[in-house]
1. How do the strands (runs of 3 or more DSSP E) wholly within the stretch 163-212 filter down when requiring 3 or more residues that are among the aromatic types (Phe, Trp, Tyr) and buried (at least 24 other Cβ atoms within 10 Å of the Cβ): which remain?
2. Cβ-Cβ distance below 8 Å, separation of 6 or more or different chains: which pairs start in the stretch 352-370 with a residue that is among the basic types (Lys, Arg) and end on one that is assigned to a loop (DSSP other than H, G, I, E, B)?
3. Please specify each residue of the stretch 213-238 satisfying the condition of being part of a loop (DSSP other than H, G, I, E, B) and closer than 21 Å to residue 135 by Cα.
4. Keeping to the stretch 80-114, report how many residues are among the polar types (S, T, N, Q) and buried (at least 24 other Cβ atoms within 10 Å of the Cβ).
5. Those residues that are in contact with a strand residue (DSSP E or B) (Cβ under 9 Å, 6 or more places away or on another chain) and in a loop (DSSP other than H, G, I, E, B), I need them from the stretch 243-261; list them, please.
6. Looking at the stretch 293-333, which of the residues that are among the hydroxyl-bearing types (Ser, Thr, Tyr) and modelled with pLDDT under 90 is surrounded by the fewest Cβ atoms within 10 Å (Cβ to Cβ)?
7. Under 9 Å by Cβ, and 6 or more places apart or on different chains, what pairs join a residue from the stretch 109-121 that is under 11 Å from residue 146 (Cβ atoms) and touching a residue at least 60 places away in the same chain (Cβ under 8 Å) with one that is not small (Gly, Ala, Ser) and not in a strand (DSSP E or B)?
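The values are calculated or read from the model by the stated rules, or taken from the named source; none is laboratory data. Everything numeric in this text was worked out from a predicted model, so none of it was measured. All Cβ positions, even for glycine, are placed from backbone atoms using ideal geometry, and neighbour counts span all protein chains on display.
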Amino acid sequence: MNIVRLSIGFAALALIAAGCGEQSAKAPVSSESAAFQKKLQTQLLDAKPGDVITIPEGTFTFDRSLSLTVDGVTIRGAGHDKTILSFKGQIAGAEGLLVTASDFTIENLAIEDTKGDALKINEGKNIVIRAVRTEWTNGPDVNNGAYGIYPVQTQNVLIEDSIAIGASDAGIYVGQSKNIIMRRNRVEQNVAGLEVENSINADVYDNIATNNTGGILVFNLPNLEQRGYQTRVHDNQVFANNLKNFAHKGAIVASVPAGTGIIISANDEVEIFNNVIKDNKTSNIVISSYFSIGSMNKKGIKGSFDPYPEGIFIHDNIFEGGGNAPAPLELKALKLAMFGLKGRLPDILWDGYINEKLPADTKRLCVQNGAAQVINADGPGGYKKPNMKQAAYACTLPALPEVKL
């Protein structure tokens, strides 16, 4: 893949403050690398607020996880294609780098071939991830780590100019977090490219999502303390996300059909605008309830969980192609029955589930997007009576506020 050479001006994942021997990413960890690994972990353990740990050019090999628990630290490399932390020989630890700290910046380096998640940041505030590349160099594989860049339960998060390739769940993911900006990133060959899950107040813009199973996901899942809402997805390029799903069986993202551009599931107050969305073979945009990706009958799901998406506003996007070869059998049959062998599904596919307890005039889905149409796939009826009635979507919603960190 030449993706990591494309122009986004990234730098990558830095973690070292000394110049030690360059190693082959494929070689076992040598005594020299082991010494360097120990030195770096010591630097991370002994770090003080305000420290900048710099990592020189080179490929450095590690056989166990790195961790940081000190607030106010910056890790800086020489570039995502110059400073490479390889975990190909990893035998211990669940991540490449685990950070449980606030006021943290990581930039200009790469983390490759970790056993589990590449970069995980847990419960921190004021997080900056800039010009970082995470990659599994063997390409899509169920045995790859689940997440590339993975902040969870964080606040005030900026992820920019970064690259994620080959994650078996999501390339760049922010979960159960507040105040998020994801911009100018490129995601490819992941099951989910970019994902915002159970998060509040997110801006996702100027990203490129291509050759994933699903390009951009905005999800709410049950049994999490925080329900997500208020996400803007705008000015992105979301095209040709037709990669076969390679997630672990049973994972939520295993239900994402290949060929989906943007997917909103069980999330409220989402504004999708000014994007170029094209050539996603199942559908360019999917709006779904939790019923379409999981079972509401599973034991332990809280009765307070709201499975329905509402307040979705789609406007001023450019759509091209797509919908011509949907992956799920139900949608294949629907497409053939309604639009013929050479036809295509409309640009916006809604599963049709609604909360009957809400007033009939509830603005669940509003579309102001030229000739773009919505198909109600009739999920509740087993996809037997889909319809193309557009009157219910001819509404507007207030613009959501810009996220400012």
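1. Because the criterion is at least 3 residues that are among the aromatic types (Phe, Trp, Tyr) and buried (at least 24 other Cβ atoms within 10 Å of the Cβ), no strands (runs of 3 or more DSSP E) in the stretch 163-212 meet it.
2. As it stands, the answer is 363/395; 363/397; 364/308; 364/309; 364/354, since those pairs meet every condition given.
3. Selection gives 213 alone.
4. 4
5. Across the stretch 243-261, the qualifying residues are 243, 245, 247, 256, 257, 258, 259.
6. Filtering first and then ranking leaves 304.
7. These pairs meet every condition: 118/13; 118/87; 118/136.
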